[in-house]
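To start, the structure under review is shown below, and the notes come after it.
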Amino acid sequence: MKLKKEFITYLVSGGITTAVNYLLYAGLLFLHLPYLAANSAAWAGAVLTAYVLNRRWVFHSKRQIAGELASFAALRFVTLIAENILLWLLISRLSVSAFPAKLIVSVVTVTGNYVLCKFGVFKKEVTCHG
């Protein structure tokens with residue numbers, strides 16, 4: 001039951017994070033920023049939002065913030081690279097519009113981010129009693 005609650009809270013916090021990401025991306029595109037720059041800046045805002053929500057609400061972490069945030073951002077950076085490559089392929093090579101391309105790419109990044117958080121950043125430490 002706990003895993004189900006964790007997954008549901010992850011989905012809700014992911015929805016909030018995704019909204020932050022899309023709003024920043026759309027706003028920066030509206031200001032005529034190139035799509036990869038807009039995506040990278042939106043990523044930074046979304047990473048900060050996701051970290052706070054994941055730490056407090058989803059995984060209830062008690063670890064030191066500085067190291068955990070650095071680990072979180074580093075793992076998310078992997079998905080930023082994948083996202084930018086996929087956006088470039090869809091937009092520059094396949095002529096998909098910037099916003100629909102972002103929606104398509106999000107399926108890959110949301111899945112990747114959950115796995116990286118669950119088994120990387122916020123994994124439970126094993127303690128030995130005895």
Checked against (1) open to solvent by less than 50 Å² (accessible area, probe 1.4 Å); (2) touching a helix residue (DSSP H, G or I) at 6+ places or on another chain (Cβ under 7 Å); (3) at pLDDT 90 or above, Gly27 satisfies every condition except (2)
Tell me which residues, restricted to region 57-70, are of a type outside the set (A, V, I, L, M) and either surrounded by 12 or more Cβ atoms within 10 Å (Cβ to Cβ) or part of a loop (DSSP other than H, G, I, E, B) (or both). Trp57, Phe59, His60, Ser61, Lys62, Arg63, Gln64, Glu68
Selection within region 71-112 - among the aliphatic types (A, V, I, L, M), exposed (fewer than 12 other Cβ atoms within 10 Å of the Cβ) and more than 20 Å from Tyr22 (Cα to Cα): Leu94
Region 90-105, residues that are within 22 Å of the chain's Cα centre (by Cα) and of a type outside the set (Val, Ile, Thr): Leu90, Ser97, Ala98, Phe99, Pro100, Ala101, Lys102, Leu103
Given (1) modelled with pLDDT of 95 or more; (2) aliphatic (A, V, I, L, M); (3) touching a Gly at 6+ places or on another chain (Cβ under 8 Å), Val110 misses just (1)
Scan region 71-113 for residues that are on the phi < 0 side of the Ramachandran plot and assigned to a loop (DSSP other than H, G, I, E, B) and jot them down. Leu94, Val96, Ser97
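The values are calculated or read from the model by the stated rules, or taken from the named source; none is laboratory data. Source: prediction; values computed, not measured. Heads up, the Cβs are rebuilt from the backbone with ideal geometry, glycines too, and the neighbour counts pull from every protein chain shown. Ligands, DNA and RNA are excluded from the accessible area calculation, which covers all protein heavy atoms including side chains. Shrake-Rupley method; radii C 1.70, N 1.55, O 1.52, S 1.80 Å.
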